[in-house]
1. Considering (1) within 16 Å of ligand 1 (Cβ to nearest atom); (2) open to solvent by 40 Å² or more (accessible area, probe 1.4 Å); (3) touching a helix residue (DSSP H, G or I) at 6+ places or on another chain (Cβ under 6 Å); (4) of a type outside the set (A, V, I, L, M, F, W, C), say which one THR221 fails and leave the rest.
2. Given the residues GLY147, GLY131, GLY103, which is the only one that is among the small types (Gly, Ala, Ser), at pLDDT 95 or above, within 24 Å of the chain's Cα centre (by Cα) and surrounded by fewer than 23 Cβ atoms within 10 Å (Cβ to Cβ)?
3. Scanning for something in contact (Cβ under 8 Å) with a residue 60 or more places away in the chain and part of a helix (DSSP H, G or I), does region 86-104 turn up at least one residue?
4. Considering only region 245-267, I want to know if a residue exists there that is within 16 Å of ligand 1 (Cβ to nearest atom) and part of a strand (DSSP E or B).
5. Take the conditions open to solvent by 50 Å² or more (accessible area, probe 1.4 Å), among the basic types (Lys, Arg) and in a helix (DSSP H, G or I) and apply them to ARG357. Does it pass?
6. Answer yes if at least one residue in region 305-327 is open to solvent by 10 Å² or more (accessible area, probe 1.4 Å), within 16 Å of ligand 2 (Cβ to nearest atom), within 30 Å of SER25 (Cα to Cα) and small (Gly, Ala, Ser), and no otherwise.
7. Of a type in the set (A, V, I, L, M, F, W, C) and within 16 Å of ligand 2 (Cβ to nearest atom), is that true of ILE226?
8. Quick check on this structure: which one of ARG155, ARG101, ARG113 is within 24 Å of TRP194 (Cβ to Cβ) and basic (Lys, Arg)?
Amino acid sequence: MDESDVIDRVRDLKIETPSWGYGDSGTRFKTFPWPGAARDVWEKIDDASVVNRLTGAAPSVALHIPWDRVDDYRQLRRYAQDRGLRIGAINPNLFQEDCYRLGSLCNPDPAVREKAIQHVIDCIEICKKTGSKVLSLWLADGTNYFGQDSLMRRRRLLEEGLEKIYTHLPGDVRLLLEYKFYEPAFYHTDVPDWGTSYILCRKLGSKAKVLVDTGHHALATNVEQIVSTLLQEGALGGFHFNSRNYGDDDLVVGTADPFQLFRIFFQITEAEMSGDAVASNCAREIAYMIDQSHVIEDKIEAMILSVVNCQEALAKALMVDRDALERFQRKGDVLGAHEVVRKAFLTDVRPILEDMREEAGLPLDPIQAYRESGYAGRIAKERGRSKSRGSGYPE
Ligand code: LRH
Ligand code: MN
């Protein structure tokens, strides 16, 4: 693909950033306060707008409810719009209330299940006020010991709960069902893998799609093959991009394994160019979202690096000489084929992306631009001396 086509395609890549990635977050061992870290949803949107201003590629921010609960979601929508952003996926939090000890939609107690379903329905109402087109659902539900609960009964309860939720979904809002193979449950998780999410989504209907969080697989899982399969099934709804070395580490995407990110974007671009209507249409509808927590690093710089890593991975994937690859593959020339993709991965695409940014009047190096902006120092001072604004509309 020539440079201008690569630029056209990468320019269209829009990555949604998570509100919760801008605030202080830690591990069970420690949350290290970062000077100037966003303290409420308003400051999170302020910081997300900096990422978008410097990259031109992050025009929406995902919310988590109740972490980002406000009195007036239309005001929040306007606040974001005034800063060049739109509100993206709404994530119902079904894992932090005391009543969810034994689960939410799969909880043995019908009152708890009802409460969970009502919270998701409330989040659908928030979608309507914020103009969000994605309801992003992750369930921490599971058990810690064999025999603790019936897997069959929990499965039935899960299907019933999702069906009730699905009936409340407006026509233009998609339900993305995220899976995770363990944590916080340590024996079984009710939605542990892509297959379970896929089956549940298929049963619900065309507005339900699978969400692939790149950190939610057992080690040595071929994530790009899952992506390819879900695309061919028209069932891939979106990503939660991050990277990991061991568990759900939620590190900056493309840092621990840039080759995996390249392989994932290769599968997406293969689907886009495949002529397979189901796969190519599905690829065009992918919700690209970041889901990270920045425990020891500057949260805004981490988000900018994440967006840049995704842009570079896509550009490298587009550099693959598809005709040569096809020829080697059909001839069974194993290493010939591998060399074609290896060459693309080793291509330095930064000059192309700098040209793209220049054309768009964006800083050639958004990370350097952020560092030179002094924004980090400014918010550290301002937020160091001012009170958080909480859920009320800022004066
Ligand atoms: C669960 C998860 C989910 C979010 C949470 C912040 O591990 O990936 O997407 O709700 O992180
Ligand atoms: Mn996630």
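The values are calculated or read from the model by the stated rules, or taken from the named source; none is laboratory data. The structure presented is a predicted model; accordingly, all values stated were derived computationally and were not measured. Quick reminder, even Gly has a Cβ in these numbers, built from the backbone with ideal geometry, and neighbours come from all protein chains shown. SASA here: full protein model, heavy atoms, side chains in, ligands and nucleic acids out. Shrake-Rupley method; radii C 1.70, N 1.55, O 1.52, S 1.80 Å.
1. (3)
2. Of the residues listed, the single one that is among the small types (Gly, Ala, Ser), at pLDDT 95 or above, within 24 Å of the chain's Cα centre (by Cα) and surrounded by fewer than 23 Cβ atoms within 10 Å (Cβ to Cβ) is GLY131.
3. No, region 86-104 contains no residue that is in contact (Cβ under 8 Å) with a residue 60 or more places away in the chain and part of a helix (DSSP H, G or I).
4. yes
5. no
6. Looking for residues that are open to solvent by 10 Å² or more (accessible area, probe 1.4 Å), within 16 Å of ligand 2 (Cβ to nearest atom), within 30 Å of SER25 (Cα to Cα) and small (Gly, Ala, Ser), one finds none in region 305-327, hence no.
7. Working: of a type in the set (A, V, I, L, M, F, W, C): yes; within 16 Å of ligand 2 (Cβ to nearest atom): yes.
Yes; evaluated as a whole, the condition is true for this residue.
8. Criteria check complete, one pass: ARG155.
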